[in-house]
1. Give me the extension gain from residue 292 to residue 49: residue separation times 0.36 nm, minus the current Cα-Cα distance, reported in nm with one decimal.
2. With springs connecting C-alpha atoms under 10 Å apart, model the chain as a Gaussian network and identify which of 51, 160, 136 has the largest mean-square fluctuation.
3. Given the -39500 (n - 2.57) contribution per DSSP H run of 4+ residues, what per-residue ellipticity at 222 nm results for the chain, rounded to the nearest 500 deg cm²/dmol?
4. Name the residue, out of 132, 172, 124, whose mean-square fluctuation peaks in a Gaussian network model built on the chain with Cα pairs under 10 Å.
5. Can you work out the FRET efficiency for the pair residue 235 and residue 66, with r the C-beta to C-beta distance and R0 = 45 Å, to the nearest 0.05?
6. Relative to the longest principal Cα axis of the chain, at what angle does helix 137-147 sit, 0 to 90 degrees, rounded to 10?
7. Post the alpha-carbon centroid distance, the range 241-317 to the range 205-228, in whole angstrom.
8. To the nearest 10 degrees, how steeply does helix 82-92 sit against the main Cα axis of the chain, on a 0 to 90 scale?
């Protein structure tokens, strides 16, 4: 089996905890050949483990891209740099038999996201967005349950997502990173994390058409809102309610989680890492479906390998990710303008005011 050479751009927590374990599990398909980070010591910390030479370590990704043994550039940089770096890699590798992995969201603004959406076409190379929720096993199982009408026709859904960002800032977690605590992109942690949930919901139910949302402003830099409540209407006509509370805890157990109500029963997923999907039928029967947690990183890399070797299509493209980001921006627009917003009404080069407290505003350009 042919191994694909990978160059890593950004050797931080996302590489250590998310991507590297997946590369290990797929070591028969991938080989990490080079590392790049502005802090070269971060690369050196991996040098022995990855059996790399000093010449395989870089502080300038443009120099790394000149290597002939790289098939893939895996980009893991702060969100405000996603488009800038991805565009530079695409230009350097235009019309070559190489590929890019870009983290979500693919850009910090809609204008840049629109350009990013077209990079694969403009530079003739494959780009996969590392939206692991669309590859997670629990989402795939629930999607099959819906498609096969295990609970009949879907009436509606509720999803309550809770993240205690202030507490996680003080621990060895993603929230402890300076660029997440004081983000240089609109929406802050709500955008960084909420785009996952929007991606999963659109994977399950199809495209969102309209949103009507409210938010509770806060003074903290990490997010303009402590909580967002959004009513979502999908192209199919389905409606559902999505709540994202990013500044505290949900103490009652079981958690509200994701609850999908159908004509013949309901599907319940307490949280992403609970390991079991509960199905309750109207006749009193129940079913518990186990799944392997955090499988999305493995599945997305497997999908990319299969796509590059000609047996599959890339599952999560920049076009798909653009729609996820646009839906999230529509939620912000709905909050700011206090009205129902159609996704078709939100176009790049528009401006969306996000109120933070009484005075400060972020603008989405």
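Computed from the coordinates by the stated procedures, all read-outs in this text should not be read as laboratory data. It should be emphasised that the depicted structure is a prediction, and the values quoted were computed from it without experimental measurement. Note: ideal-geometry Cβ built from the backbone for every residue, glycine included; neighbour counts use all protein chains shown.
1. Values: separation 243, 0.36 × 243 = 87.48 nm, distance 2.67 nm.
Taking residue 292 through residue 49 to full extension adds about 84.8 nm, to one decimal.
2. 51
3. Details: 12 runs with 111 residues, N = 365.
My calculation for the chain gives -8500 deg cm²/dmol from helical runs alone.
4. Taking springs between Cα atoms under 10 Å, the residue moving most is 172.
5. Working: r = 45 Å, r/R0 = 0.99.
According to the calculation, E is roughly 0.50.
6. Around 50 degrees separate the two axes.
7. What the calculation gives is 21 Å, centre to centre.
8. In the chain, helix 82-92 runs at an angle near 40 degrees to the longest axis.
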